[in-house]
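One structure is given here, and the rest of the page talks about it.
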Amino acid sequence: MIEVEEFRAEVRQWLADNLVGEYAALKGLGGPGREHEAFTERLAWNQKLAAAGLTCLGWPEEHGGRGLAVAHRVAFYEEYAIANAPAKVNHFGEELLGPTLIAWGTPEQQKRFLPKILDVTELWCQGYSEPGAGSDLANVSTTAELDGDQWVINGQKVWTSLAHWAQWCFVVARTEKGSKRHAGLSYLLVPLDQPGVEVRPIVQLTGDSEFNEVFFDDARTDASMVVGAPGDGWRVAMGTLTFERGVSTLGQQIEYARELSAVAELAKSNGAADDPLIRERLTRSWVGLRTMRSYALATMDVEQPGQDNVSKLLWANWHRELGEIAMEVRGRDGLTLTNGDFDEWQRLFLFSRADTIYGGSNEIQRNIIAERVLGLPREVKG
């Protein structure tokens, strides 16, 4: 296996050689709250990464990946962030479904789907949350019944990121009548381009739409499109979530550091840094960022209950607070629009309100830590 620093140098050089010309204009575009930016162009960039062997780095070689260790993947995401390369469009396929199929999929499923995730020619979205089952995933009511050699799916998913660009959705549905909570769920792979599926974008505070409602009205997928055994969907779904908060967090922190540095520079230029309270908040933010990095490095190769939940709490609260600091630094200017549109700091403030909700709300994260790590009694339901 290639040495980590050699691989880091390879990635750095490739980005320097290729993030030029038409791709140079994509620097810094995309990501949460900004997925609408140059999506088609970023898809082409992601396919260029794939052609260079720079996607699915941790996948086993027999499935088309490079079988690289965690340290190599950390190096990639750090160099990618340092280069300010555009956000990739294939997160759900590359980081979530792909590893899930490698772990629990049939050989036929792996053969059908993994190559198209690898080369970024099919995009995926995640069909978990519902209006009555957000962070409480075990409460899903979307149903699927076998009709001959197909599953027939009825129900609604919500907050489905990038569904309006995806071709497929991995869906948690209730497949056993009368079942409750974790029992009787199945993990299905469902094509979105069919008459029984309607995708409705949800307009966010920023005016953009990267989340969606997805309605299934007698939608269909083949009986073979269940991952794991029917009724074992909870275990598979939880397995997918373990892949969600991985090595990309260190690259994310470099992007956060860039944002913090820009806010600090803005404070210096407009005089806000003369306010000792703002200086203190900026200093605390810097300390918080270093704390996140230390925690991520200390737990990267260690699997302990609750570590992903702690990580989510750390970055979500930190980033939401950065949005608040940015508005304090902007002062009254932050209350007006520029040419009728939000500027980058207003977008940061508005979208970061969602950081403590999506991917598992703060309340859910704290409950998990309390119950599964600290052994405290379960929350009393009113």
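The values are calculated or read from the model by the stated rules, or taken from the named source; none is laboratory data. None of these values were measured; they are calculated from a predicted model. Note that each Cβ is placed from the backbone with ideal geometry, even for glycine, and that neighbours are counted across all protein chains shown. Please note that ligands, DNA and RNA were not included when accessible areas were found on the heavy atoms of the full protein model with its side chains. Shrake-Rupley method; radii C 1.70, N 1.55, O 1.52, S 1.80 Å.
If one takes the longest principal axis of the Cα atoms in the chain, at what angle in degrees, from 0 to 90 and to the nearest 10, does the Cα axis of helix 276-299 lie? It is inclined by approximately 40 degrees.
Averaging the sequence gap over all C-alpha pairs within less than 8 Å and six or more residues apart, then dividing by the number of residues, gives segment 164-300 a relative contact order of 20 percent. Summed over the residues of segment 1-121 and divided among them, the accessible surface reaches 43 Å² per residue at a probe radius of 1.4 Å. The relative contact order of the chain, computed from alpha carbon pairs under 8 Å that lie at least 6 residues apart in sequence, is 14 percent.
Here the chain is assigned +1 on the Cβ of each Lys and Arg and -1 on the Cβ of each Asp and Glu. Its dipole about the Cα centre then comes out at about 840 debye.
Residue-wise HN-Hα couplings along segment 316-323, as the Karplus relation 6.51 cos²θ - 1.76 cosθ + 1.60 with θ = phi - 60° gives them from phi, are 5, 5, 4, 6, 4, 5, 4, x Hz; Gly and Pro carry x. Segment Ala103..Gln150, full-extension length gain: 14.6 nm, with 0.36 nm per residue of separation and the alpha-carbon distance subtracted. Once R0 is set to 45 Å, what does the formula 1/(1 + (r/R0)^6) return for the Cβ-Cβ distance between Ala257 and Ala183, expressed as a FRET efficiency to the nearest 0.05? It comes out at approximately 0.50.
Placing +1 on the Cβ of every Lys and Arg and -1 on the Cβ of every Asp and Glu, with nothing else charged, gives segment 280-346 a dipole about its Cα centre of roughly 220 debye.
Each of Gln47, Asn18, Leu260 was scored by the projection of its Cα onto the charge dipole of the chain, and the greatest displacement toward the positive side belongs to Leu260; charges sit on the C-beta of Lys, Arg, Asp and Glu.
Given their separation in residues at 0.36 nm each and the Cα-Cα distance between them, Asp193 and Glu6 gain 63.0 nm when the chain is fully extended. Couplings 3J(HN,Hα) for segment 233-240, derived from phi with the Karplus relation 6.51 cos²θ - 1.76 cosθ + 1.60 (θ = phi - 60°), are x, 4, 4, 5, 4, 5, x, 4 Hz, where x marks Gly and Pro. For segment 1-77, averaging the sequence separation of C-alpha pairs within contact (under 8 Å, six or more residues apart) and dividing by the residue count gives a relative contact order of 29 percent. Past the 41 angstrom mark, what percentage of all C-alpha to C-alpha distances in the chain do you count? Roughly 14 percent, rounded to a whole number. Database remark: amide H of Ser129 closer than 5 angstrom to the amide H of Val158 (H placed geometrically; neighbours at sequence offset of 5 or more, or on other chains; Pro and chain starts carry no H). From the alpha carbon centroid of segment 9-32 to that of segment 323-341 is 29 Å. When the charge dipole of segment 278-382 is built from unit charges on Cβ atoms (+1 for Lys and Arg, -1 for Asp and Glu) and taken about the Cα centre, the candidate among Ala316, Leu335, Pro377 whose Cα reaches farthest toward its positive end is Pro377. Under the simplified labelling scheme, the Asp343-Arg378 pair shows an inter-label distance of 5.0 nm, with each label point 7 Å from Cα along Cα→Cβ. Between the Cα long axis of helix 39-51 and the first principal axis of the chain there is an angle of about 80°, rounded to the nearest 10.
Phi-derived couplings, Karplus 6.51 cos²θ - 1.76 cosθ + 1.60 at θ = phi - 60°, listed residue by residue for segment 83-92: 6, 6, 5, x, 4, 6, 9, 10, 4, 5 Hz, with x used for Gly and Pro. Given labels modelled 7 Å from the Cα in the Cβ direction, how far is it in nm from Arg112 to Val70? In this crude spin-label approximation the distance works out to 3.3 nm. Calculated mean residue ellipticity, 222 nm, the chain: -13500 deg cm²/dmol, from DSSP H runs (n ≥ 4) at -39500 (n - 2.57) each, averaged per residue and rounded to 500.
In the chain, the longest principal axis of the Cα atoms and the axis of helix 70-82 are about 50 degrees apart.
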